[in-house]
Structure formats: C-alpha cells, structure tokens
1. How many angstrom separate the Cα center of the range 129-190 from the Cα center of the range 98-118?
2. When each pair of different Cα atoms in the range 48-98 is counted once in the 1/r mean, what is the Kirkwood radius in angstroms, to one decimal?
3. Would you mind checking Lys8/Lys176; Lys18/Lys102; Lys102/Lys181; Lys143/Lys209; Lys124/Lys209 for any pair whose Cα atoms are more than 28 angstrom apart?
4. For Lys21, give me every one of the aspartates and glutamates with a C-alpha distance below 12 angstrom, ignoring sequence neighbours fewer than eight places off in its own chain.
5. For a protection proxy built on the mean count of beta-carbon atoms within 10 angstrom, sort 52-59, 22-29, 110-117 highest first, please.
6. Restricting to Cα pairs below 8 Å that are 6+ residues apart, what does the relative contact order work out to for the chain? Please round to a whole percent.
7. If I fit a long axis through the Cα atoms of helix 138-147 and take the longest principal axis of the Cα atoms of the chain, what angle between them do I get, 0 to 90°, rounded to 10?
8. Take Tyr41, Tyr174 and order them by how many other Cβ atoms sit within 10 Å, fewest up front.
Amino acid sequence: MAVGTYTKTGAKATTAAKLDKQVFGVEVASHDLLKQAYVAYLSNGRVGSANVKTRGLVSGGGRKPWKQKGTGRARFGSIRNPIWRGGGIVFGPTGEENYTHKMSTNSKRLAIRQALSTASEANKISVIESFEVKSGKTTDAVKLLQKLGADRNVLLVVEQKTPELIRATSNIPYVKVVQSKYVNVYDVLNANSIILTNTSLKEVTEWLKGAK
C-alpha cells in the first residue's frame, strides 16, 4: 500500500513509502471494537472528583424547624431534609466512583489497527522523512505543515519528542504530537491528517504487526 511521502523539507519524495497491510489494511467489518476502545479512552481519562453533601454533611438543622402539630404546615424534623432547598443531596456523586473500562492488550492493538486502516482508506495518512524544526519556531512548523497539506486536526506521530519540536508545535491548536508507542484509537479517529515519520512508521508497524 503506497502512501504520500515527503522529504524533511516538505517536498514530494521520489520513492513512496509502503504501509503494511497487516496494520493499515485490516478489514473493519464492524465498528463495535472501535467504539469500545474510544469510550474506554475517554472513561479512563475521567477524573471522578465530583462530590456532593448528604444530609449528614449539610450544616445546620440541629433543631426541629417548627413544632409537630398546630401550625397547619407539613411535619419536618430538620432543614437538612433532601426536599428542602439547601438540604442534603440523595444519590449524588461521592468522589469515589470508578469509571475505568478494561480492555485486553490484544483488543486494544486490534482496535488501533482498525482505526489506522480506516484512516488509510480515507487517505488521511502521509509519511515524512523526519519532522525537524531545529529553530524551535512555530512559524517554521506551520510552514512545513502547509507544505504537507495539513491544516486541521493534525496527528503528528514521531519516534521522540525533542524540546525543539515541543516548543514549535505547542502553540498550534490543531496539532497533537504523540510518540509512536502512545498511538491510540481516540487520536487516530479524531484526526483529519495523520503524519508519520519514517522511523515512527517502522516502530508502529513492528508494534502492531503481531497483534491478533
């Protein structure tokens, strides 16, 4: 499977890179696994910090608001009653909820292969010799991306994040840089353009080629 290939300056390369069919050409008969991996990524990154006060934690209410009989009003024993404004909350989050979703390693890798295959089929993947911004300037990174035709929701997969690369891309809102060993379904499915360096392409292929 040939794919658009560029030199490190952004020029079209004479020899096109080839994508391994075992990783980028997987048949996706159903999207169930992709959805499971996508939801798992979001759930595992969720912080369950929301917390409410039950009637036992709300301040006040130490005495009966009014006497039991003779007032014509309903009986109440405490202003901390959940049906009162400012009272306790029933069945609210406690901050101890566990939202994590577990998936087997083989399932995760298969889902990534399916996501990459879907992106490859949609012609979203391109390969560059190396993405180097030695100056560390954002303008230089933007110019290189423009040469590659990537200007919206770009996933840049590199073998290593250098300080210059981080400095050059951190202020570009539509670019996300990830190392090859951290490629995931969420980033791949959300990207409009996926750019891999030659080295990162080899690493991703070796990592996922043996997945069942």
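Just so you know, all these numbers are worked out from the coordinates, no wet-lab data involved. Keep in mind it's a predicted model, so treat the numbers as computed, not measured. As a convention, Cβ positions derive from the backbone with ideal geometry for all residues, glycine included, and neighbour counts pool all protein chains shown.
1. 23
2. The Cα-based Kirkwood calculation yields 12.3 Å.
3. Result: Lys18/Lys102; Lys143/Lys209 exceed 28 Å.
4. Glu121
5. Final packing ranking: 110-117, 22-29, 52-59.
6. Rounded, it is 25 percent for the chain.
7. So the helix axis and the longest Cα principal axis differ by about 60 degrees.
8. Going from sparsest to densest Cβ surroundings: Tyr174, Tyr41.
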